[in-house]
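Q: Before I ask anything, here is the structure I am working with.
The values are calculated or read from the model by the stated rules, or taken from the named source; none is laboratory data. Please read all numbers here as calculations on a predicted model, not as lab measurements. Neighbour counts run over all protein chains shown; Cβ positions are idealised from the backbone, glycine included. Protein only, heavy atoms only, side chains kept; ligands, DNA and RNA dropped before computing areas. Shrake-Rupley method; radii C 1.70, N 1.55, O 1.52, S 1.80 Å.
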Amino acid sequence: MQAQVERLMAEMTLAEKIGQLNLLAAGEGLVTGAAQSTPLARRLDSGEVGAIFGTKSLASARAMQERALEGSRLRIPLFFAEDVIHGHRTVFPLPVALACSWDLDLVEDTAAFAAAEAASEGIHQVYAPMIDVSRDPRWGRIAESPGEDPLLASRFAVAATRGFQGGGIGEPDRVAACLKHFVAYGAPDSGRDYDNASLSWEDLLAIYLPPFTAGLQAGAASVMAAFNAVNKLPMHANAPLIQGWLRGTSGFNGLVVSDYTGVKELTPHGLGPAAVVVARALHAGIDMDMVGEDYLAELPALAETGLDAPEAGLSFGASRIREMIDTACRRVLTFKASLGLLDDPFHGMSGTAAPSRSDGRKLARRAAARSTVLLKNDNVLPIAQSTRVALVGPFARDRRNMLGTWAVSGNWDDVVPLDAAITALTGTAPATAWGVNITDRDWLAARLNVHGVTVETDPRSEDELIAEALDAARQSDIIIAALGEAKEHAGESSSALSPALPEAHLRLVRALKATGKPVAAIVFAGRPLALGDLPETADALLYAWHGGIAGPEGVADLLFGAAAPSGRLCVTLPAHPGETPVSHAEEPTGRPFPGRFAKFRTGWLDMPDGLTRYPFGFGLGYAPIRYGAPSLSSTVADVSQKVLLRLTIENTGQTEAIETVQLYASDPVARITRPARFLVDFKQLTLSPGEARELVFEIRADQFAYPVAPSLESAEWVRDPGLVQLHVGPNSRDTDTVELTWSS
Ligand code: BGC
């Protein structure tokens, strides 16, 4: 394989090498056989494209490949990429939802299904998994994230990478994964998309980098750089993190692509004019330039003259620039060789059959049920099939929002809306009413207009809408309220100052509650929303996210007991929208302090009393689960020893249950302040009614290692002897504790 690459390298001209670094969007694409002269066609004709993303059909991709081969003196093929973030044609729940399943086989299965669908359309690489840990509900792209915890996100990264890549990226039905966005894109200052992430090196190493380490260890073939700066240095020019950490410390030798015009955006970031930022990006380790075409425009001259940019502290001779071009080009060609494209330029493009859509629907439905989190249930759910149901709210009949953000190849006609899903399951159509518009807030409405979409709204007054909802409610035994946010309200460039369920939705639920009928509320959303008094007003509460083509069907299965809820939050649901960033892994402060300083508590002066914060890991089922007391095989251990933590879990209910047993730890005395608790392991098990099972967790000293990093370069992972605590339970709050001492 490498010999093939070297043969090509030896024959290629400088211009041909630079052409390989150019990554373009398909746009309108090409029509087979047509002699079109679009900007893309002209680039293909002159051998100035290395890869294309966003092809909408196999025929179009093949047309581009044919044209590229004709335009390339050495017949070097393109590879094709796509944003397959949570499914391709078959849209699965949002990643933040899927991570709430804590079911790694399910994550792998959905990725494998998406890979096969994408591969059948000639796609070789997917811009996924997105593995940006995020603790900020204001950040719209939290929708694409596996949540707030580095361990859960790392396991998600491994499962998704395996699902996409299988045994190798050249295999049929598989694609190359692209871990993104490198790095700390989920921690922008103030939750503002694209903003600098100001964080300690310790946080970078312990929270944001581990999912990348895990994905790379699972063999991910490529990585995408993030738009943001980390501690002031934009990632597309971040040599210490890309060349230093990713390529150096982690030993990654695969392909690094820029994000969309990410190289060009270094100029408005303040890093200099085009020639300077191109040199900086190439030097930082960005192999391919997506869409901006700055490599194409600037590298020929840089390779002749070199660059002297004292303002950037950089100076490269022409030969150094040519060397860097060679390195990047070699990586592109090696990637193509691993995909099998250097042996057969139409590899993966012969139109293999897509996996069955009906299998995909089944998987999507199961995934939706598994991703939904039951937050409250005062003996309301599951609903008996004969119950008269009123279904109220703007998502009762909704199709388009169910797909969620970043479903670029999805079709909302594939969604079975909630009213139809309930009718199909129970045999009876619920009485439906609109109840409330999706948003009563100007800025949210404006957001929808920016996207130029038509969101169904009802021009009647709020009083009229509520009156109609109450009519429907009076004719029923139970009210299901389908609430939430539109898909445009989460996603890229959709940061929100106030991530909360709109007040009008809360007013509707209060009015419904006044009928005395039980209210089951469902929240369809792309981010963790503060729920106001909904946890108190509703009798049952399901957090269903945007669940993909079978989202509403998965929810219907839970409502009527065809499936049991098993989702557990992968993000904390804030009690108040201002409570951000928020996570279970908060660090302790010096206060509360015992005695007379007790009033100086860490907290919010203006936080109304009685609001519910749902903790990370939280979720209910239909069967009660009893946790036995945990015990340790030894309470003192040498760091080289493994200690076993045992406990018994029992399903004391009448129905099967899926339980996720979570193990947290704390390290009360360390060299620096550490999180009050952090997740170290979890296990998921299915328990039949009445079944009890013993679980064994292996405890190792390395689970307590943490970074101490006065600078990135001087970072050191350490672990200390002494007392640690282990907390085991059904979520990050309700745990039992045992203590262990590591001897030195
Ligand atoms: C996003 C990436 C995406 C790329 C290509 C960018 O705006 O940040 O996640 O892969 O566009 O569509």
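Q: Among Thr261, Thr213, which is surrounded by fewer than 24 Cβ atoms within 10 Å (Cβ to Cβ), closer than 17 Å to Gly186 by Cα and of a type outside the set (A, V, I, L, M)? So that I can check it myself, show each step before the final result.
A: Working: Thr261 fails: closer than 17 Å to Gly186 by Cα.
The unique qualifying residue is Thr213.
Q: Which of the following residues is over 21 Å from Gly547 (Cα atoms), modelled with pLDDT of 95 or more and either within 16 Å of the ligand (Cβ to nearest atom) or open to solvent by 10 Å² or more (accessible area, probe 1.4 Å) (or both): Ser134, Ser120, Ser145?
A: Ser120
Q: Checking the conditions here, which among Leu605, Leu644, Leu632 is aliphatic (A, V, I, L, M), free of Cβ contacts under 8 Å to residues at least 60 places away in the same chain and touching a strand residue (DSSP E or B) at 6+ places or on another chain (Cβ under 8 Å)? Give the derivation first.
A: Working: Leu605 fails: touching a strand residue (DSSP E or B) at 6+ places or on another chain (Cβ under 8 Å); Leu632 fails: free of Cβ contacts under 8 Å to residues at least 60 places away in the same chain.
Answer to the selection: Leu644.
Q: Examine the range 402-410 for a residue that is away from the ligand (no atom under 16 Å from the Cβ) and either modelled with pLDDT under 95 or open to solvent by 30 Å² or more (accessible area, probe 1.4 Å) (or both), and state whether such a residue exists.
A: Scanning the range 402-410, I find no residue that is away from the ligand (no atom under 16 Å from the Cβ) and either modelled with pLDDT under 95 or open to solvent by 30 Å² or more (accessible area, probe 1.4 Å) (or both), so the answer is no.
Q: Would you mind stating whether Leu94 is in contact with a helix residue (DSSP H, G or I) (Cβ under 8 Å, 6 or more places away or on another chain) and over 20 Å from Ala550 (Cα atoms)?
A: no
Q: Glu108 - would you say it is open to solvent by less than 10 Å² (accessible area, probe 1.4 Å), among the acidic types (Asp, Glu) and touching a residue at least 12 places away in the same chain (Cβ under 8 Å)?
A: no
Q: Within the range 294-304, does at least one residue satisfy the condition of being aromatic (Phe, Trp, Tyr), more than 16 Å from the ligand (Cβ to nearest atom) and touching a residue at least 60 places away in the same chain (Cβ under 8 Å)?
A: Checking the range 294-304: at least one residue is aromatic (Phe, Trp, Tyr), more than 16 Å from the ligand (Cβ to nearest atom) and touching a residue at least 60 places away in the same chain (Cβ under 8 Å).
Q: Residues in the range 345-367: is at least one in contact (Cβ under 8 Å) with a residue 24 or more places away in the chain, among the small types (Gly, Ala, Ser) and within 16 Å of the ligand (Cβ to nearest atom)?
A: No: the range 345-367 contains no residue that is in contact (Cβ under 8 Å) with a residue 24 or more places away in the chain, among the small types (Gly, Ala, Ser) and within 16 Å of the ligand (Cβ to nearest atom).
Q: Just checking, which of Glu698, Glu691, Glu659 is crowded, with 19+ Cβ neighbours inside 10 Å and not aromatic (Phe, Trp, Tyr)?
A: Details: Glu698 fails: crowded, with 19+ Cβ neighbours inside 10 Å; Glu691 fails: crowded, with 19+ Cβ neighbours inside 10 Å.
The match here is Glu659.
Q: What number goes with the only condition from (1) part of a helix (DSSP H, G or I); (2) more than 16 Å from the ligand (Cβ to nearest atom) that Glu265 does not pass?
A: For Glu265, the failing item is (2).
Q: What pairs can you find where one residue is in the range 66-84 and β-branched (Val, Ile, Thr), the other is modelled with pLDDT of 95 or more, and their Cβ atoms are less than 6 Å apart, with a gap of 6+ or different chains?
A: Val84/Ala114; Val84/Ala118; Val84/Val126; Val84/Ala128
Q: Can you tell me which of Pro93, Pro77 is more than 30 Å from Arg141 (Cα to Cα), in a loop (DSSP other than H, G, I, E, B) and open to solvent by less than 20 Å² (accessible area, probe 1.4 Å)?
A: Result: Pro77 is the single residue among Pro93, Pro77 that is more than 30 Å from Arg141 (Cα to Cα), in a loop (DSSP other than H, G, I, E, B) and open to solvent by less than 20 Å² (accessible area, probe 1.4 Å).
Q: Return yes or no: is Ala184 within 20 Å of the chain's Cα centre (by Cα), more than 30 Å from Ser350 (Cα to Cα) and assigned to a helix (DSSP H, G or I)?
A: Considered against the rule, which asks whether it is within 20 Å of the chain's Cα centre (by Cα), more than 30 Å from Ser350 (Cα to Cα) and assigned to a helix (DSSP H, G or I), Ala184 comes out as no.
Q: Return yes when Gln165 is more than 13 Å from the ligand (Cβ to nearest atom) and either under 30 Å from Leu341 (Cα atoms) or open to solvent by less than 10 Å² (accessible area, probe 1.4 Å) (or both) and no when it is not.
A: So Gln165 fits the description; yes.
Q: Ala206 - would you say it is open to solvent by 10 Å² or more (accessible area, probe 1.4 Å), more than 15 Å from the ligand (Cβ to nearest atom), part of a helix (DSSP H, G or I) and touching a strand residue (DSSP E or B) at 6+ places or on another chain (Cβ under 6 Å)?
A: When the stated conditions are applied, Ala206 passes them.
Q: Is the range 659-667 home to any residue that is β-branched (Val, Ile, Thr) and in contact with a Phe, Trp or Tyr (Cβ under 8 Å, 6 or more places away or on another chain)?
A: Yes; the residues of the range 659-667 include at least one that is β-branched (Val, Ile, Thr) and in contact with a Phe, Trp or Tyr (Cβ under 8 Å, 6 or more places away or on another chain).
Q: Now a separate question. Taking the range 602-659, which residues are under 30 Å from Ala564 (Cα atoms) and charged (D, E, K, R)?
A: Across the range 602-659, the qualifying residues are Arg613, Arg626, Arg646, Glu650, Glu656, Glu659.
Q: Against the condition within 16 Å of the ligand (Cβ to nearest atom), in contact with a Lys or Arg (Cβ under 9 Å, 6 or more places away or on another chain) and of a type in the set (A, V, I, L, M, F, W, C), how does Val84 come out, does it pass?
A: For Val84, the condition - within 16 Å of the ligand (Cβ to nearest atom), in contact with a Lys or Arg (Cβ under 9 Å, 6 or more places away or on another chain) and of a type in the set (A, V, I, L, M, F, W, C) - is not met.
Q: Same structure again: Consider Ala197 carefully, then state whether it is without any contact (Cβ under 8 Å) to a residue 60 or more places away in the chain, within 28 Å of Ile672 (Cβ to Cβ), surrounded by fewer than 24 Cβ atoms within 10 Å (Cβ to Cβ) and within 16 Å of the ligand (Cβ to nearest atom).
A: yes
Q: Then there is this: Give the residue that is nearest to the ligand (Cβ to nearest atom), with candidates limited to residues of the range 170-181 that are open to solvent by 20 Å² or more (accessible area, probe 1.4 Å) and in contact (Cβ under 8 Å) with a residue 24 or more places away in the chain.
A: Checked the range 170-181; the qualifying residue nearest to the ligand (Cβ to nearest atom) is Arg174.
Q: Hey, another quick one. Being over 22 Å from Ile52 (Cβ atoms), away from the ligand (no atom under 16 Å from the Cβ) and without any contact (Cβ under 8 Å) to a residue 24 or more places away in the chain, is that true of even one residue in the range 272-290?
A: Yes, the range 272-290 contains a residue that is over 22 Å from Ile52 (Cβ atoms), away from the ligand (no atom under 16 Å from the Cβ) and without any contact (Cβ under 8 Å) to a residue 24 or more places away in the chain.
Q: Could you list, in sequence order, the residues of the range 488-545 that are in contact with a Pro (Cβ under 7 Å, 6 or more places away or on another chain) and of a type in the set (Phe, Trp, Tyr)?
A: Within the range 488-545, Trp545 is the sole residue that qualifies.
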